[in-house]
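Read through the structure below, which is laid out as structure tokens, and then see the notes.
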Amino acid sequence: QAVDYAMKASEVGKETDSHEGRVIEGVFDGQNMIGPHRKVYSIPVNYSSKSKLVEGDILKLTIDNLGNFIYKQIGPVERSRMMGVLARDQDKGDYIVIADDHMFKVLAASVSYYKGEEGDQVVVLVPKDADSKWGAVENIIKRGNFSHQRE
């Protein structure tokens, strides 16, 4: 079943002011953080990608007194690891991973970080107990090359 992240954010999220600035807790929806009042906060793709954020993760955003946005993952959901194949959405050109009859959108930043190409095998992380549209790229195995790439 699909999760209503705005509803989850209104249940688990909160907004407070502190000496550090404004602190907002919310839920990651695959691309953005949804705050407790349904406000959408953009997350830098390099952070989502590097942190391997998964739909449903609880995040804390601190907007400091200088206006800097600092994200931190504070409540990761339980994950499942799936193996799939990297492809491109025919209409939009976005990267997708096809795994076990499911199609997951993945961040282009993750694909370029691992130098992924269509047809490569992808290890994606998805929420264990919920349907998701997005997967987090954990690793990419190049076609014809079974050694893992690590930075």
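Values for this structure:
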{"item": "So G119, is it modelled with pLDDT of 95 or more, over 22 Å from N46 (Cβ atoms) and not in a strand (DSSP E or B)", "result": "yes"}
{"item": "Matching entry among E55, E118 (being of a type outside the set (A, V, I, L, M) and open to solvent by 30 Å² or more (accessible area, probe 1.4 Å))", "result": "E118"}
{"item": "I24, sole failed condition from (1) hydrophobic (A, V, I, L, M, F, W, C); (2) surrounded by 18 or more Cβ atoms within 10 Å (Cβ to Cβ); (3) within 12 Å of the chain's Cα centre (by Cα)", "result": "(3)"}
{"item": "One residue from I43, I70 being touching a strand residue (DSSP E or B) at 6+ places or on another chain (Cβ under 9 Å) and open to solvent by 30 Å² or more (accessible area, probe 1.4 Å)", "result": "I70"}
{"item": "Residue that is nearest to the chain's Cα centre (by Cα) [pool: residues in segment 73-97 that are among the acidic types (D, E) and open to solvent by 40 Å² or more (accessible area, probe 1.4 Å)]", "result": "E78"}
{"item": "Filtered residues of segment 1-34 (kept if part of a loop (DSSP other than H, G, I, E, B) and in contact with a strand residue (DSSP E or B) (Cβ under 9 Å, 6 or more places away or on another chain))", "result": "V3, G13, E20, D29, G30, Q31"}
{"item": "Flag for Y95 being touching a residue at least 24 places away in the same chain (Cβ under 8 Å) and more than 23 Å from D4 (Cα to Cα)", "result": "no"}
{"item": "In segment 60-88, the residues that are closer than 18 Å to A130 by Cβ and of a type outside the set (A, V, I, L, M, F, W, C)", "result": "Q73, G75, P76, E78, R79, S80, R81, G84"}
{"item": "Looking only at segment 98-115, and only at residues there that are touching a Phe, Trp or Tyr at 6+ places or on another chain (Cβ under 7 Å) and of a type in the set (A, V, I, L, M, F, W, C), the one that is most open to solvent (accessible area, probe 1.4 Å)", "result": "A108"}
{"item": "Qualifying positions in segment 51-70 - under 17 Å from the mean Cα position of the chain (by Cα), touching a residue at least 24 places away in the same chain (Cβ under 8 Å) and more than 14 Å from G26 (Cα to Cα)", "result": "K52"}
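The values are calculated or read from the model by the stated rules, or taken from the named source; none is laboratory data. Computed from a predicted structure; not experimentally measured. In this analysis, Cβ positions are derived from the backbone assuming ideal geometry, glycine residues included, and neighbour counts consider all displayed protein chains. The accessibility values were calculated without ligands, DNA or RNA, using every heavy atom of the protein model including side chains. Shrake-Rupley method; radii C 1.70, N 1.55, O 1.52, S 1.80 Å.
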